[in-house]
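Report on one structure; see the data block that follows.
Computed from the coordinates by the stated procedures, all read-outs in this text should not be read as laboratory data. Computed from a predicted model, the values in this text were never measured in an experiment. Don't worry about glycine lacking a Cβ; one is built from the backbone with ideal geometry, like all the others, and counts go over all protein chains shown.
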Amino acid sequence: MNVQVGQVVTGVVAVVPAKDEEERVGRTIAALQRIPSVMQIVLVDDGSSDQTAAVVEWTGGVDVVRHERNRGKAAAMESGVRRARQLAPGAPVLFADADLEDSAEALGVIVEPVLAAEADLAIGVLPPQDTPGGGFGIVVRTAREGIIRLTGWAPQQPLSGQRCLSPAALEAALPFAPGWGVEVGMTVDVLRAGLVVVEVPCELRHRVTGRDLSSQVHRARQLADVTRVLADRSGLSDKVREGGIAGGRAVRSGAVAAARLARPVLGTVAQRGGPLVGKTVRTLRGNGASADAGTQTSGGQERRHQERRGQGRQHGSVRDLRGGRWHDL
């Protein structure tokens, strides 16, 4: 399927990154197959230690890509995009989490605006989940505030992984930001490219992360990745280029200080567990660090950041679906 400029596309390729999801991925794939606009499905098994790939192969009708070792979500998504382009060149790509199970069928609503050329990036907004759990909102707030600073847009769910991208949006977002910052980097990059982003309410259910030790460590990694992605898009590389050796030393000095500060807190997480992400953030703030550390460097540097944020607001177009109608934001 080759798509020409201005041509309305009738289908998408669904990409499902997965690791150790043998219990849920089969039902997720079956639900995606019930969406009329999903032409092909690519499952990327990112180094699973269970039978995730085997379950999907048994389901049938799915193209399976395997990573011999775990390479992370962003790498799995990129592998899926490469395969999707081989299967259906020029088609939009729908990203779906592997744990959605039967609710994945509801993703059809975020495909529609992209196929109708009304949006380049459509993001699914999930309702409150029935299962108790979840974090303290620190990572979400960090992501939302960072996106606001860089683009002027305030997303409802900045970390939602349920996304449909047009070919133009894929070009703007690739290569994806590494690690757990992939969604935040994608949103910023697509908006800065002057493309249209929408959030669409979507009746989805997924596994809610708890508050045990492993969940807290996961959130700490999320926070680190999101903060890194925002910093990369906030002009730190410009500072190195403009400041030469001195600028490089300043950035390295800040990074070393941040690492030194974080090391004892992360060590405590590993040893004792518990809800320490909030304590980590309070500790960082108490020592003068923040998500946009390094951006408030000088009057000239701050003016350049303001200009970039203004450009994001000017060129990016954002709309929201409320009451059955699209609304400009």
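For Val44, the residues whose modelled amide H falls within less than 5 Å of its own, excluding neighbours fewer than 5 places apart on the same chain, are Val16, Ala18, Val65. For segment 185-207, backbone nitrogen atoms closer than 18 Å to the point 7 Å from Glu118 Cα along Cα-to-C-beta are found at 195-203. Taking θ as phi - 60° and the Karplus parameters 6.51, -1.76 and 1.60, the scalar couplings of segment 31-48 work out to 5, 5, 5, 7, 7, x, 7, 8, 7, 9, 10, 10, 9, 9, 7, 8, x, 5 Hz in sequence order, x denoting glycine and proline. Between the amide H of Val38 and those of Val12, distances stay under 5 Å, these residues lying 5 or more places away or on another chain, with hydrogens modeled in the peptide plane. Projected label points at Asp20 and Trp58, each 7 Å from Cα along the beta carbon direction, are separated by 2.0 nanometres. In plain terms, the chain from Glu68 to Gln51 could stretch by 4.8 nm, reckoned as 0.36 nm per residue minus the Cα-Cα distance.
Nearest 20 debye, what's the magnitude of the dipole of segment 71-206 about its Cα centre given +1 on Lys and Arg Cβ and -1 on Asp and Glu Cβ?
580
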